[in-house]
Amino acid sequence: MVQRTTLYRYLTGPDDASFCHRVNEALSRGWSLFGQPTLTFDPTQGRVICGQAIIKDVDEPYSPTLKLSEQ
């Protein structure tokens with residue numbers, strides 16, 4: 001019997017279109033938003049940094065060698 005596993009990722013990046021595209025790509029690959037997005041300000045680089053947790057259920061046992069970005 002295959003074990004169902006919930007995978008977790010936390011995407012981060014500058015508050016720009018590239019971050020939104022990364023989240024959209026993950027959603028299109030079956031990931032779901034988990035919790036509220038976060039924002040913080042990086043004073044060194046003078047920009048806002050976004051974060052968004054995402055989860056995905058897969059039909060395989062968890063292993064630390066799983067490449068989450070390829071799921």
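Observations on the model:
- Surface per residue (accessible, 1.4 Å probe) for the chain, Å²: 71 Å²
- The stretch 1-41 shape via C-alpha gyration tensor axes, a/c threshold 1.5: prolate
- Rg ratio for the chain: its Cα radius of gyration over 2.2 N^0.38 Å, N being its residue count, equals 1.28.
- Net charge of the neighbourhood of residue 58, taken over other residues with C-beta under 13 Å away and scored Lys/Arg +1, Asp/Glu -1, is +1.
- Element breakdown for the chain at a 1.4 angstrom probe: carbon and sulfur atoms account for 54% of the accessible area.
- Length-normalised contact order of the chain in % [C-alpha pairs under 8 Å, at least 6 apart]: 46 percent
- Length gained on full extension, residue 5 to residue 21, computed as 0.36 nm times the residue gap minus the Cα-Cα distance: 3.2 nm.
The values are calculated or read from the model by the stated rules, or taken from the named source; none is laboratory data. All values reported here derive from a predicted model rather than from experimental measurement. Every residue, glycine among them, receives a Cβ derived from its backbone with ideal geometry; neighbour counts consider all protein chains shown. We work out accessible area using only protein heavy atoms, side chains counted, and drop any ligands, DNA or RNA first. Shrake-Rupley method; radii C 1.70, N 1.55, O 1.52, S 1.80 Å.
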